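In what follows, a structure is listed as structure tokens, so that the remarks can point back to it.
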Amino acid sequence: MLHNLSIGELADRLAEKRVSSVELTRHFLARIERLNPGLNAVITVTAERALASAAAADARIAAGERGRLLGIPLIHKDIFCTDGVRTSCGSRMLDNFIAPYDATVVTRLERAGAVMLGKANMDEFAMGSSNETSYYGPVRNPWDTSKVPGGSSGGSAAASAARLAAYSTGTDTGGSIRQPAALTGLTGVKPTYGRVSRYGMIAFASSLDQAGVLCRSAADAAEVLKVMAGFDPKDSTSVDVPVPDYPALLDTPLRGLKIGLLREFFEGLESRNAALIQEALKVLKALGAETLEVSLPHLPLSVPTYYVVAPAECSSNLSRYDGVRFGYRCEAPKDLMDLYKRSRGEGFGAEVKRRIMTGTYVLSAGYFDAYYLKAQKVRRLITDDFRAAFDQVDLVAGPTTPTPAFAIGAKIDDPVTMYLNDIYTIGANLAGLPGLSTPCGFVDGLPLGLQLCGPHFSEAKLLSAAHHYQRATDWHLRAPGGYE
Amino acid sequence: MSLTRQDVEKIAHLARLAITEREMPVYVTSLSSIVNFVDELSSIDTGNVVPMAHPLDGQHQRLRPDTVSESDHHEKYQANAPRVQAGLYVVPRVIE
């Protein structure tokens with residue numbers, strides 16, 4: 001079936017005119033209509049715009065143009081601004097917000113001929129690890145609809161896993177691409193900080209936020225990342241480093257690649273999860289990689305460090321939602337202070353308010369040094385640990401998550417327990433490193449992920465290692481029952 | 001350390017957030033547990049460590065020439081505003 005084909009296979013069929021982009025788009029739109037009600041993965045469907053883009057892509061193909069993403073449908077996380085289309089960020093605050101311009105990620109993909117089918121549900125303002133904090137309700141995991149898909153890019157993950165689009169975009173501030181990718185059996189890539197433009201991507205924590213992709217294979221991810229990545233003068237933290245030809249580099253031999261096993265990641269890891277990771281590393285070794293143990297002694301501090309730095313940045317970033325210029329405004333404010341307080345109190349959900357208050361506290365007079373400055377120092381210790389590890393090895397490996405997908409409702413009332421879901425992913429964000437999660441097996445019928453992480457701008461190595469692994473295994477090809 | 005209701009009220013005021021009576025006890029408890037959780041950092045020796053503000057070393061915020069690069073979009077942007085009059089954002093009276 002069309003929806004199980006890879007991006008490369010779809011591009012070939014489109015080029016050979018065995019299928020048109022309009023047919024492909026109709027096929028995915030029909031799947032969204034039929035399957036999305038059971039998942040709540042897509043919160044805005046842009047059918048008309050999609051069919052118009054598809055027709056335009058067909059015309060480009062007919063004129064002889066070829067492109068790996070030309071005419072292929074995707075779903076954008078609803079954190080990316082889309083001109084003329086509601087961009088809610090999963091929040092009541094932006095429920096009525098029609099973005100007045102496109103994010104650079106959207107522009108770059110559109111220029112390559114990608115067809116946007118709609119916008120994916122997400123944790124409110126990307127704050128969550130289960131997609132339960134969305135104003136639009138929780139997303140369900142296609143592998144078991146009583147389970148969460150992970151978050152914050154939970155809608156993107158569920159949509160790609162259920163084959164509602166060929167791929168989806170996401171953002172990752174503390175694991176929000178890699179964790180949901182692991183919990184839904186996808187390949188998720190969080191690039192180096194600054195690799196992909198953040199222009200038009202609604203800000204959560206500006207020194208950590210990075211855009212990436214959720215795909216069904218590393219080869220697909222390489223195609224999409226090649227288009228998304230690159231310098232953007234509109235993002236002051238965008239990095240002017242040439243973008244390698246990721247797809248062309250996938251076949252780079254693994255021989256001699258040194259992979260470090262993060263000792264801290266295996267301590268206390270549930271035995272069945274640990275066994276899958278060890279099995280995956282055996283496969284990589286058989287393909288020519290070498291493995292050795294490395295230690296990052298400060299890594300266990302990454303979650304408390306993150307929960308100072310990220311809320312601090314969030315409290316600053318989200319101060320723009322004032323009920324005056326855009327977004328939600330409360331009814332009948334009695335004065336300006338009442339307008340600010342009630343618009344924000346009613347417009348933001350519980351977790352967003354918790355993070356804003358945590359951030360306000362750690363930045364407030366008398367606490368700044370003890371919390372924020374302290375966390376920025378520990379952040380450097382963690383980053384230095386990674387740097388020392390990369391003197392010994394090319395990549396580091398470990399689990400993406402402590403457990404497979406958990407039940408909807410299981411952790412939502414206990415923020416600290418929820419925060420610990422990201423224990424293995426947050427380090428890469430603090431250090432600005434690229435990370436990738438690839439499916440590596442199942443526990444109780446639910447997928448789990450192997451995480452690879454490398455030095456700055458090592459995306460090509462991560463993708464190539466994952467690609468070799470995926471040619472030797474078939475975990476990434478499994479589809480959830482009912483969505484094959 | 002645990003936060004009191006007065007602490008949370010003060011933080012909520014600084015953050016310009018109206019917190020309802022029903023929400024208040026939940027935030028007193030959960031913010032206390034978060035503050036306790038991040039307190040682990042206080043035991044770490046960071047004597048000579050320089051705080052890290054940017055994940056990429058040697059990267060600085062770029063400046064651009066101070067020239068006009070945008071056209072006027074105010075009508076499009078104000079279409080999202082809750083209340084606008086004559087191109088101005090309308091808020092409750094501030095000065096009597």
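No lab work stands behind these numbers, since they all come straight from the coordinates. Just so it is clear, the structure is predicted and the values come from calculations on it, not from any experiment. Quick reminder, even Gly has a Cβ in these numbers, built from the backbone with ideal geometry, and neighbours come from all protein chains shown.
Mean per-residue shielding of peptide A:354-367 is 5, counting Cβ atoms of other chains within 10 Å of each Cβ.
Sorting the segments A:181-188, A:127-134, A:378-385 by their mean number of nearby beta carbons within 10 angstrom, highest to lowest, gives A:181-188, A:127-134, A:378-385. Measuring nothing but how far apart in sequence close Cα pairs (under 8 Å, 6+ apart) lie, relative to its length, chain A scores a relative contact order of 18 percent. Summing charges over neighbours of residue B:64, with a neighbour being any other residue whose Cβ is under 15 Å away from its Cβ, gives -3 when K and R count +1 and D and E count -1. Protection proxy ranking of A:442-452, B:13-23, A:189-199, by the mean of other Cβ atoms within 10 Å over each peptide's residues and highest first, is A:189-199, A:442-452, B:13-23. With a Förster radius of 60 Å applied to the C-beta separation of residue B:10 and residue A:62, the computed FRET efficiency comes to 0.40. Protection proxy ranking, highest mean first, for peptides A:235-247, A:154-166, A:49-61: A:154-166, A:49-61, A:235-247, where packing is the per-residue count of other beta-carbon atoms within 10 Å, averaged.
In summary, the lysines within cross-link reach of residue B:10, defined as a Cα separation below 21 angstrom excluding same-chain residues under 8 places away, comprise A:334, A:341, A:353. With the Cα gyration tensor of the protein assembly as shown giving a ≥ b ≥ c as the square roots of its eigenvalues, does the rule (a/c under 1.5 for rounded; else a/b larger than b/c for prolate; else oblate) give rounded, prolate or oblate? Oblate shape, in that a/c is at least 1.5 and b/c is the bigger or equal ratio. Each Lys and Arg adds +1 at its Cβ and each Asp and Glu adds -1 at its Cβ; summed about the Cα centre, the range A:338-427 shows a dipole of about 400 debye.
Helical content of chain A, expressed as a calculated mean residue ellipticity at 222 nm, amounts to -11500 deg cm²/dmol (DSSP H runs of 4 or more residues, -39,500 (n - 2.57) each, divided by residue number, nearest 500).
Taking every alpha-carbon pair under 8 Å whose residues sit at least 6 apart, chain B reaches a relative contact order of 20 percent.
Between residue B:24 and residue A:367, the FRET efficiency from the beta-carbon distance, with R0 = 22 Å, is close to 0.60. Looking at this model, which pairs from A:282/A:461; A:226/A:258; A:226/A:461; A:147/A:190 are more than 21 angstrom apart at the alpha-carbon? Check vs 21 Å cut-off fails for A:226/A:258; A:147/A:190. Within the straight-line cut-off of under 18 Å between alpha carbons, the aspartates and glutamates reachable from residue A:377 are A:313, A:369, A:385, B:39, B:40, B:45, B:57, sequence neighbours fewer than 8 places apart in one chain being disregarded. For chain B, the dipole from Cβ point charges (+1 on Lys and Arg, -1 on Asp and Glu) about the Cα centre works out to 340 debye, to the nearest 20. Between residue A:271 and residue B:53, the simple spin-label model (points 7 angstrom out along Cα→Cβ) gives 5.0 nm. Remark: the range A:437-451, residue by residue, has Karplus-estimated 3J(HN,Hα) of 10, 10, x, 9, x, 10, 10, 6, x, 10, x, 10, x, 9, 9 Hz, where x stands for each Gly or Pro and the curve is 6.51 cos²θ - 1.76 cosθ + 1.60 at θ = phi - 60°.
Counting Cβ atoms of other protein chains within 10 Å of each Cβ in B:16-27 and taking the mean gives 5. Dipole orientation for chain A: of the candidates A:337, A:416, A:386, A:337 has the Cα lying most toward the positive pole (charges on Cβ; Lys, Arg +1; Asp, Glu -1).
Per-residue extension of 0.36 nm, minus the Cα-Cα distance of residue B:60 and residue B:39, leaves a gain of 4.5 nm for this segment. Only Lys, Arg, Asp and Glu carry charge here, each on its Cβ (+1 for the first two, -1 for the last two); on that basis chain A has a dipole of about 360 debye about its Cα centre.
Placing a label point 7 Å from the Cα of residue A:95 along the Cα-to-Cβ direction, the residues of the range A:303-341 whose backbone N falls under 16 Å of that point are A:323, A:327-332. For the range A:234-333, GluC sites (Glu not before Pro) are listed when DSSP marks them as loop and at most 10 other Cβ atoms sit within 10 Å of their Cβ; the list is A:267, A:331. Cross-link partners for residue A:77 among the aspartates and glutamates, with Cα-Cα distance under 14 Å and sequence neighbours closer than 8 places in the same chain left out: A:102, A:123, A:124, A:172, A:209. Our summary gives the range A:1-102 a relative contact order of 25 percent, counting only alpha carbon pairs under 8 angstrom and 6 or more residues apart. Shape class of the range B:34-94 from the alpha-carbon gyration tensor: oblate, with a/c at 1.5 or above and b/c at least as large as a/b. Counting only other chain Cβ atoms within 10 Å of each residue's Cβ, the peptide B:30-37 averages 6.
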